[in-house]
Amino acid sequence: MTASLVVTLLVASMALLSADESAYSIRPLPDRSVEVTRGPMKERFRPRFTVIRADADPEMAMTRAFSDPRRRTQMTDPEAYALPSWQKQGSEGRTDVLFEAGTVQTVEAASANTTSTGAIEWIFPARDDFALEATIEPAGDGKEPILSFRFTPKRAGWYTIGYTGAPETDPPTAEGFWQPLVWQEKRFPRAPLLTAEFMATLPATLVSRNGATLGLATDPAESPYRLPNIDNSRFGLMLRNPAGGAQPMVFAPLFGKAGSRMEAGRAFAFRMRPVLVNGNWYAAFQHIAKSLFDFRDLRENTEHSLNDTITNMIDFAMDDQYSGWVPDLKGFDYASDVEGTVKVVSALHPLSVALLRDDPAIYRRRALPVTEYLMSREKYLFSEATHIEGQGASHNMNGPSAEVSELAELFHVTRERSPVFHRYALEMAKTPRALNLDMVSETNTFQNNLALYRLTGEQRYLDTARQLADAYVEERIDTPQTDFTDVHVETGGQFWTDFAPKWVDLFELYEETGDQRYLDAATRGAERYASFCWLYPTPPAGSVTVDLDNKAPIGWGYRGRNFHMRTPEQTLPAWRVSQIGLTPEASTTFQGNPAVLLAHYAAYFLRVADASNDPFLRAVARSAVIGRYANYPGYDINVEFSDVYARADYPRRLFGAFSYNQVYYNHVWPHIALLVDYLVSDVEVRSKHEITFPSRYAQGYAYLQSKVYGDRPGTFYGDSGVRLWMPKHIVSIGDPQINYLSGYGNGNFYLALANESPRRSQAEIQLNRDYLPYSVGKRYRVRVWHDGKVSDTIAAIDGRLTVPISPRGLTALVVEEMPVFTRLHDSYFDQATKPLSAESHRVQATSLGNVTGMMISMGRRETNAFVWLQASEKQITSATLHYRAGQSWASMVDDAHPFEFSLPIPDEEHAFEYYVELSQPGGGTARTTTTRLLR
């Protein structure tokens, strides 16, 4: 029997949907190619396949890409992206170029036949080593035609088969590229590099030219519903061909992995889709996600509302046993990455939550110590010993380690009572500093000038911010990037915020100025960021069973641990465990952290989507947050689907008891802040800006940007002066599908109810009399809005009322003449509390380093003195603070680095005097002069 390679193209000879521009038509050409037409687009697909074979296991593994900038010298690749690599054919070395990993054979049809069914068969010359059959057929639903092949080897070996007949573009003439995860804009791969399935948040590769986009996507059926990983990946995507052209390609199976080892006579089949979209890469990206992979807004709350989750997370964050808090160091244990270190992100996170919850304990036990940490340490990551330098950790007390915007916003959130923040914001704006990893916080940026404008109100700062932003937009948004210079790989750039434009900051500038240019730029940046979000595999309509045998999977970060976390085996709706809407962590760590739950982008997506009318971004935002967990869930969905991280009791265990995902204790307060930000943003957008609360910007580091709230009143359907106020269990609501925001002002209690379900809810509400001391039996008049429309008033009696809420709708209530009982708010908003003086901060130079003293005030009964020393344990063995705030002197000793002292100052005392005695290693002592801080 004569061996032959037959490629069958089953095509429609007429448009699939005749009057619709989205319909495809396909026809054979005389040169055996196929012309694919969709509306005004026509592209020629050639009958070409490439088969790569190896006799021995090509030993696919990932190249090393280090997250720690101190190890970047071991990398030679400019993109800092871990890539598939193989044993190089005929060499002892390795290669990340697939075509160098085996024997390459490219085959092309010699003739073509058209069948009675409209199929086009490509007929290839006879071969002795393999046979291949392929079909392209209408999808039947108007979607992209299905190009499938069936490959049968005639001798055993390791194989991968690529379709290499898609149109080729000269890269300089292209308008843009997309090969996940890092080749966007005009960043073109430096070689024919492969993206494996588990590296692709959407399995497609695209080229834009002449206002249209062409590409190849894999068929959804080729990605079973699971979390793709290196071992179960079935295919790879490629954009650059060996000749250097831009050509979408798909290779399957993944060379060296599942299915790649083939026995003679055993067939392998695979399907893909040619894609044509009349628009840019983002239009094509959206189209593939929604049309092919059926991406849509599926999620809803589960057994817990978002408010329940926030409450559980705050309780966990305040738990000194389990939360990773290290009181002596004023930071959070960071042993997950670097043993012997602590780390913080932003003081604004716990500070705003203290205001939101009206809880003085959160301020005193978390917000104030974190503030003191940021004012005194050199970097976010503080090491307990000088020899610990992983991830650029610092042992030095050379603060502050806060960004300019953090200092500016701390000044405002402390109600301008603490001038030390104002002073340092202006001073640090002139000083480049490496605060996280080795990434340098520059000085004269549009972000810093915006922060200084918000700090001072001086127009010159806003003018400079706009000038710099205009230049940034021209250079970074309007001009597609062709390389990775802007990522700053050499100093630690690796997060998607490094690869994408600074769209969050541009959106902040838009909100400040109302200038459409900045919204347009922020929207384009958000679109690029959305491409880092998982949008497949498509969750099936039914259920999945996870945590078999009551055991959670062991995550990538715990491969050295030999125990499974115990958790109930459960059968759940498939969408509940999906990673869709989440991003991998970074270009260096996507394998170990494939679907990060710390989704700070979600709230900004809601706002950008609203401002730019982009429902796709809104759907991605909801997918990232809604119905995912009941407490702090750890870092990510890891290795396999599980429900263990979603449980309310998940984080309440010691660090050594985790084996599913990594737990970063410094992320807990940022995670709470992102959920609050999402909740406030969602209500604002749903209410069409009738319910708004002013925000401050918590810049954090890496991708941990969010808005924080609580220091100023907002508006609620025409009522101004409404303070955001959500003490623990302020209300109970019978339906967990309902998220809420609450506040008080004007003698009223305000409540917004957001339904996360596609079903109507009848919400039974009970007000908490501990905070809302209503009179028993009294009828309280309640104003009502349903989805923005005024409704009839109702009554609340004994704190109870019932209201309907439409599917995914919003109901707003104002309970009139309702008394409130406040705690932190009582002192924080006390107008009689005056700002501290300019003499509430002193820096004293000594031969052993500076001694810094400062007062920080949050209001009546909330003023503290903080004194810290620059000296290390090599210079002194202990420090004794002698002080008085009143008539009598007292003292306190710190005998370990960092040497620091924090103590409350009574409101009636107007001065704090102190000096420090220093004990030196040789037995000597030193003493500072007496210093006086004035309230």
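On the basis of the beta-carbon distance and an R0 of 30 Å, Asp770 and Thr692 show a calculated FRET efficiency of 0.60.
Computed on the Cα atoms alone, the convex hull of the chain gives a volume of 178 cubic angstrom per residue.
Going by alpha carbons, how many degrees (0 to 90, nearest 10) lie between the helix axis of 419-428 and the longest principal axis of the chain? It works out to around 40 degrees.
What share of all Cα pairs of the range 832-934, in percent, falls into each consecutive 5 Å distance bin? Final binned percentages: 2, 13, 25, 23, 16, 10, 6, 2, 1, 0, 0.
Dipole orientation for the chain: of the candidates Gly215, Tyr380, Gly710, Gly215 has the Cα lying most toward the positive pole (charges on Cβ; Lys, Arg +1; Asp, Glu -1). For Lys88, a cut-off of 24 angstrom between C-alpha atoms picks up these lysines, skipping any fewer than 8 places away in its own chain: Lys154, Lys257. Whole angstrom only: what separates the Cα centroid of the range 571-621 from the Cα centroid of the range 896-924? Rounded to whole Å, the Cα centres lie 47 Å apart. Let me see the pair-distance distribution of the range 306-709: every alpha carbon pair, 10 Å bin width, integer percents in order. Distribution as computed: 5, 22, 34, 27, 10, 2, 0 percent. Between Thr846 and Val851, the built amide H atoms are under 5 Å apart, and every one of these is 5 or more places off in sequence or on another chain. Between helix 306-317 and the chain, what is the angle of the helix's C-alpha long axis to the longest principal axis, kept within 0 to 90° and rounded to the nearest 10? Helix 306-317 and the main axis of the chain meet at about 60 degrees.
Would you please state the base-10 log of I(q)/I(0) at q = 0.11, 0.13 1/Å for the range 713-828, with intensities from the Debye formula using one equal scatterer on every alpha carbon? Here log10 of I(q) over I(0) equals -0.33, -0.46. Across q = 0.16, 0.19, 0.23, 0.33 Å⁻¹, the range 478-526 modelled as identical point scatterers on its alpha-carbon atoms has Debye log10 I(q)/I(0) values of -0.49, -0.64, -0.82, -1.14, in the order of the q list.
Modelled label positions at Asp55 and Leu572, each set 7 Å beyond Cα in the direction of Cβ, lie 4.9 nm from each other.
Accessible area per residue for the chain, computed on protein heavy atoms with a 1.4 Å probe, is 35 Å². Restricted to Cα atoms, the range 670-716 shows a radius of gyration and a Dmax of 11.0, 34 angstrom. Put a dot 7 Å past the Cα of Ser791, heading toward its Cβ, do the same for Arg760, and the two dots end up 1.0 nm apart.
Averaged over residues, the count of other Cβ atoms within 10 Å places the peptides 422-435, 209-222, 739-752 in the sequence 739-752, 209-222, 422-435, highest first. If you plug the beta carbon distance of Leu903 and Ser543 into 1/(1 + (r/R0)^6) with R0 = 56 Å, you get a FRET efficiency near 0.50. The H on the amide N of Gly714, modeled in the peptide plane, is under 5 Å from the matching H of Gly721, Val722, Arg723, Leu724, each at least 5 residues off or on a different chain.
The tail of the calculated P(r) for the range 27-171, taken as Cα-Cα distances beyond 25 Å, holds 47 percent of the pairs. Straight-distance candidates among the lysines for linking to Lys42, with alpha-carbon spacing under 17 Å and chain neighbours fewer than 8 residues away dropped: Lys143. Helix 446-456 and the longest principal axis of the Cα set of the chain meet at an angle near 20°. Measuring r between the beta carbons of Val104 and Glu339 and using R0 = 60 Å, the FRET efficiency lands at 0.80. Segment Asp129..Val440, full-extension length gain: 106.3 nm, with 0.36 nm per residue of separation and the alpha-carbon distance subtracted. The alpha-carbon of Lys343 sits under 30 angstrom from the alpha-carbons of these lysines, leaving out residues fewer than 8 places away in its chain: Lys330, Lys379, Lys430, Lys502, Lys707, Lys728, Lys874.
When the convex hull of its Cα atoms is viewed from all sides, the range 771-906 shows a mean projected area of 15.4 nm². Histogrammed with a bin width of 10 Å, the alpha carbon distances of the range 470-618 distribute as 10, 29, 31, 17, 10, 2 percent, first bin at zero. Working note: Cα gyration tensor of the range 716-784, eigenvalues times five, square-rooted, sorted largest first, giving semi-axes of 20, 16, 12 Å. When only the Cβ of Lys, Arg, Asp and Glu is charged (+1, +1, -1, -1), the dipole of the chain relative to its Cα centre reaches about 720 debye. You can think of it this way: the chain between Glu92 and Gln920 has 292.3 nm of extra reach, that is 0.36 nm per residue less the Cα-Cα gap. Using a probe radius of 1.4 angstrom, the carbon and sulfur fraction of the accessible surface of the chain is 46%. Each peptide in 660-666, 468-474 receives the mean, over its residues, of other Cβ atoms within 10 Å, and ordering these scores from highest gives 660-666, 468-474. As an equivalent ellipsoid, the range 364-435 spans semi-axes of 23, 15, 8 angstrom, where each value is the square root of five times an eigenvalue of the C-alpha gyration tensor, largest first.
Working from label points 7 Å from Cα in the Cα-to-Cβ sense, the Arg860 to Arg261 distance is 7.6 nm. Residue separation of Ala283 and Glu303 scaled by 0.36 nm, minus their Cα-Cα distance, works out to 3.6 nm of gained length. When each of the peptides 527-539, 160-172, 35-47 is scored by the mean number of other C-beta atoms lying within 10 Å of its residues, the order from highest to lowest reads 527-539, 160-172, 35-47.
The values are calculated or read from the model by the stated rules, or taken from the named source; none is laboratory data. Note that the structure is a prediction, hence the values are computed from the model and not measured. Cβ coordinates were reconstructed from backbone atoms using ideal geometry, including for glycine residues, and neighbour counts include every protein chain displayed. Note: accessible area is taken over every heavy atom of the protein model, side chains too, but ligands, DNA and RNA are not part of it. Shrake-Rupley method; radii C 1.70, N 1.55, O 1.52, S 1.80 Å.
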